[in-house]
Amino acid sequence: MKLIASALLIGSAAAFAPAQTGKASTSLKAVDATKAIGVQTPLGFYDPFRIFGDDPTAVDDDKFARARYTELKHGRVAMLAVVGYLVTYAGVRFPGAENIPCGFAALNEIPGMVWAQMLATQFAMEMANGGLSMDGKDYAGTQEFAGDF
């Protein structure tokens, strides 16, 4: 009877013990890109220039994460550019810039100090969000993945 009770006690304690994990090799971290978020029929994993190689099931994890971060960033910049173009075309201007035309004609009319302000703002946003690093991680470590702002 004592043997059964001790076996049950050990068995129930083993249920709460942490599972042992195997050691993973860090020489090549590959992901299956065909199962990534956003891969849908009819195209599937769309890589026409073979940037990730011939086998989409063995894509380098770091390269894939960098491409995803870059795509997110470029998409957000493109959306902001379209909104800015539409707002200025509608006639909304900052004070002191009422005489600047809209569209590409504004490139020749923008004063030098405005260009400097735009570049300084872009630099400040890059430093705050990605620190101009190639992996896109912030310095605070609050991002779950690169591009999570």
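Looking for something closer than 30 Å to Glu144 by Cα, at pLDDT below 80 and not hydrophobic (A, V, I, L, M, F, W, C) - is there at least one such residue anywhere in the range 27-36? Yes: one or more hits. Is one or more of the residues making up the range 56-69 in contact with a strand residue (DSSP E or B) (Cβ under 7 Å, 6 or more places away or on another chain), open to solvent by 50 Å² or more (accessible area, probe 1.4 Å) and assigned to a helix (DSSP H, G or I)? Yes: the range 56-69 contains one or more residues that are in contact with a strand residue (DSSP E or B) (Cβ under 7 Å, 6 or more places away or on another chain), open to solvent by 50 Å² or more (accessible area, probe 1.4 Å) and assigned to a helix (DSSP H, G or I). Being polar (S, T, N, Q) and closer than 30 Å to Asp62 by Cα is the filter; apply it to the range 82-133 and report the residue that is least open to solvent (accessible area, probe 1.4 Å). Among them, the one singled out is Ser133.
Looking across Gly22, Gly130, one residue alone is modelled with pLDDT under 85 and more than 23 Å from Glu144 (Cβ to Cβ). It is Gly22.
The values are calculated or read from the model by the stated rules, or taken from the named source; none is laboratory data. None of these values were measured; they are calculated from a predicted model. Here Cβ is always computed from backbone atoms with ideal geometry, including for glycine, and neighbour counts include all displayed protein chains. Heavy atoms of the whole protein, side chains included, go into the accessibility calculation; ligands, DNA and RNA do not. Shrake-Rupley method; radii C 1.70, N 1.55, O 1.52, S 1.80 Å.
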